[in-house]
1. Would you kindly compute the Cα radius of gyration of region 33-131 and its largest Cα-Cα separation (Dmax), both in Å?
2. Taking the alpha-carbon distance from Lys67 and a cut-off under 15 Å, which aspartates and glutamates remain once sequence neighbours fewer than 8 residues away in the same chain are dropped?
3. How far, in nm, would the chain grow between Asp106 and Glu52 when pulled straight, counting 0.36 nm per residue and subtracting the alpha carbon separation?
4. Hey, which lysines would be in cross-link range of Lys31, C-alpha to C-alpha under 19 Å, not counting anything within fewer than 8 residues on its own chain?
5. Rg/Rh for region 80-135: what does it come to with C-alpha atoms and Rh from Kirkwood?
6. Relative to a virtual label point 7 Å from the Cα of Lys89 in the Cα→beta-carbon direction, which members of region 105-135 show backbone nitrogen distances below 12 Å?
7. Out of residues 5 or more away from Gly80 or on other chains, whose amide H comes under 5 Å of its own, with H placed 1.01 Å from N in the peptide plane?
8. Please find the FRET efficiency linking Thr39 to Glu81, where r is the Cβ-Cβ separation and R0 is fixed at 35 Å, and quote it to the nearest 0.05.
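No lab work stands behind these numbers, since they all come straight from the coordinates. Owing to the predicted nature of the structure, the values given are computational and were not obtained by experimental measurement. Note: ideal-geometry Cβ built from the backbone for every residue, glycine included; neighbour counts use all protein chains shown.
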Amino acid sequence: MFSKNQRIAMGATICVAFLSVSGSAEIDTSKLPPVSTKTGVTYEKDIKPLFEKSCFKCHGSEKQKGKLRLDSLDAVMKGGESGKIIEGKDSSKSSVVLSASGLDEDTAMPPKGKADPLTLEQQSLLRAWIEQGAK
């Protein structure tokens, strides 16, 4: 039989495990803006200017929060300390899109007051870039 302290420790462990799985809310991706219909979207021409305005302050050459740089295509594809930010050609599963959407306040980028968030049109363009292969 387990002692009282062992039962308490096991109960706490089970609660922590449950909370870590159930505590992360799923983002309702149906609320993402639609993918832009623009074709031929590229990092250099279309996405880098968006990132430069809203992201480079914290994720550029001078500063890399979370070891994430967004100032070159290679750096974007590499990701940061939390892993890749682009999931294949699926923009709805790419953390860069989910963060830029602001649908989850805890992961919204840029943080309030740090820079202007991407507009819905810009988010749609970001989605199109990813769906077209992020080139």
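1. 12.2, 34
2. Partners found: Glu81.
3. Taking 0.36 nm per residue and subtracting the Cα distance, the gain is 17.2 nm.
4. Within reach: Lys89, Lys93.
5. 0.96
6. Residues passing the 12 Å test: 129-135.
7. Distant-sequence amide H within range of Gly80: Ile85.
8. Details: r = 34 Å, r/R0 = 0.96.
So, using R0 = 35 Å, E works out to roughly 0.55.
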